[in-house]
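Reading through the structure tokens given below for one structure.
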Amino acid sequence: MNNTMNETINETINESEFDQQFDHYITKNIRDYYKRRIWGPAVFLLLLIVLSFFLPLRSLVFPTKITNAGKISTLYNKNQSYVEVTLHDLYFTGYTKEWLGQRNGYYYYTIISDRGYIVLLDPKTCDQGISTIEEITIDAKIVQNSIAASSLMEKLSTDLNWTNESMSESFSSYMLDEPASSGWFTKLFVLLLTLFVLYAVLHLLICALSIAFPVLSRPCRRLYVYGNPKKILEEAEEELKTLPQLATEDMFITQHYFIETSSYGVAIVPIKEIVWIYKYSTLHKFLWHHFSISYTLYITANKRRYIRCPKNTKSDIDGIIDYLAEANHDILVGFNEKNRQKVEKMQGDYIFLQKFFAFLSKKV
């Protein structure tokens, strides 16, 4: 009798441990998955913040507006090299800048507070080098001690019969370079940087929301085509907690659901909605040495939902396929052209293109 009581107690303890292990198991894995994914955008944004202390990234995207060139040195020292500046009375020096055989800039000079400044203008801005410009507002990059500007100063000193010392005293060591700020390469860089930042911020927000509210995560939101995602998640959690019908390392089958909780993602699929399952093998090798073979389970469900469960063993996937095929006799098993065409017809894939081509053929 004591042995019977001990066995009953052990069974109760095992069931309790099982319940604790799978209590909110899907929710925990959703949170863990997004906790891993949140590091990427967080590190990227942190890196941009650090780089902004050494590179003029902020002023590149949002140029500082100034009304004269008197603040150039201050802005340059504050790492705000890109500015939007209004200049008056610019005079063409007679010299241009060429790159790859094309003229891409015209050198002008202007006097501000008894000090000269060299300004490189885009050909379109200065109408291919007009002699004087009364007023102009440009986006430009502040450049200090430019080799091109130094060479230009030497030529100007020769033209004006000035010494290099007098030119250095009369002209600032800072110049304004418009093509460096408004060129296509800079615009492309700003566009890509903006897109990357927006993507990182959006990704960070999605991860944070998914960690705080797992029902708002993508695996749960994808369930809305089958009903209320919150109720489906709760039902799947309860079935998995009670006792799964079949369990591998990261795939589970309960009474009504197929569940995946791997490092590659989390998926919940109602078994009655599955229409096609098959496996695909991948040979892992380096040069001529074969290391191993891994298997990927592919699941196609109604409403164009596609699940991919990579890097599993053959026995695990075979067990999952056999059980799902037995649980739902309408599921197509195996990859072949016949099954592919059936699923394509059921899902309505390419139906728009088929109608479009049919329309074109009639018109032609």
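The values are calculated or read from the model by the stated rules, or taken from the named source; none is laboratory data. On a predicted model such as this, the values are computed, not experimentally measured, just so you know. As a convention, Cβ positions derive from the backbone with ideal geometry for all residues, glycine included, and neighbour counts pool all protein chains shown. Please note that ligands, DNA and RNA were not included when accessible areas were found on the heavy atoms of the full protein model with its side chains. Shrake-Rupley method; radii C 1.70, N 1.55, O 1.52, S 1.80 Å.
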### Query
For F185, are the conditions met, namely being farther than 30 Å from K272 by Cα and surrounded by fewer than 12 Cβ atoms within 10 Å (Cβ to Cβ)?
yes
### Odd one out for S146, checked against (1) open to solvent by 30 Å² or more (accessible area, probe 1.4 Å); (2) within 18 Å of Y174 (Cβ to Cβ); (3) not basic (K, R)
(1)
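This table checks each residue for (1) open to solvent by less than 100 Å² (accessible area, probe 1.4 Å); (2) touching a residue at least 60 places away in the same chain (Cβ under 8 Å); (3) not hydroxyl-bearing (S, T, Y).
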| position | (1), (2), (3) |
| --- | --- |
| Y224 | no, no, no |
| E234 | no, no, yes |
| E260 | yes, no, yes |
| Y278 | yes, yes, no |
| R308 | no, no, yes |
| D318 | yes, no, yes |
### Query
With segment 167-244 as the region, which helices (runs of 4 or more DSSP H) entirely inside it contain at least 3 residues that are over 30 Å from H256 (Cβ atoms)?
179-182, 184-212
### Task
Could you tell me whether segment 199-222 includes any residue that is open to solvent by less than 90 Å² (accessible area, probe 1.4 Å) and farther than 17 Å from Y34 by Cα?
no
### Message
Looking at segment 328-350, can you tell me whether even one residue there is at pLDDT 90 or above, part of a loop (DSSP other than H, G, I, E, B), of a type in the set (V, I, T) and under 20 Å from H256 (Cβ atoms)?
### Response
yes
### Task
Determine if segment 128-141 includes at least one residue that is open to solvent by 20 Å² or more (accessible area, probe 1.4 Å), in a loop (DSSP other than H, G, I, E, B) and at pLDDT below 85.
no
### Query
Taking Y117 and the conditions (1) open to solvent by less than 40 Å² (accessible area, probe 1.4 Å); (2) in contact with a Gly (Cβ under 6 Å, 6 or more places away or on another chain); (3) not β-branched (V, I, T), which numbered condition does it fall short on, given that it satisfies the others?
(2)
### Query
Restricting to helices (runs of 4 or more DSSP H) lying wholly in segment 33-90: which have 2 or more residues that are out of contact with any strand residue (DSSP E or B) (no Cβ under 8 Å at 6 or more places or on another chain), on the phi < 0 side of the Ramachandran plot and touching a residue at least 12 places away in the same chain (Cβ under 8 Å)?
39-52, 57-61
### Query
Which of (1) surrounded by fewer than 16 Cβ atoms within 10 Å (Cβ to Cβ); (2) aliphatic (A, V, I, L, M); (3) modelled with pLDDT under 90 does L191 not meet, given it meets every other one?
(3)
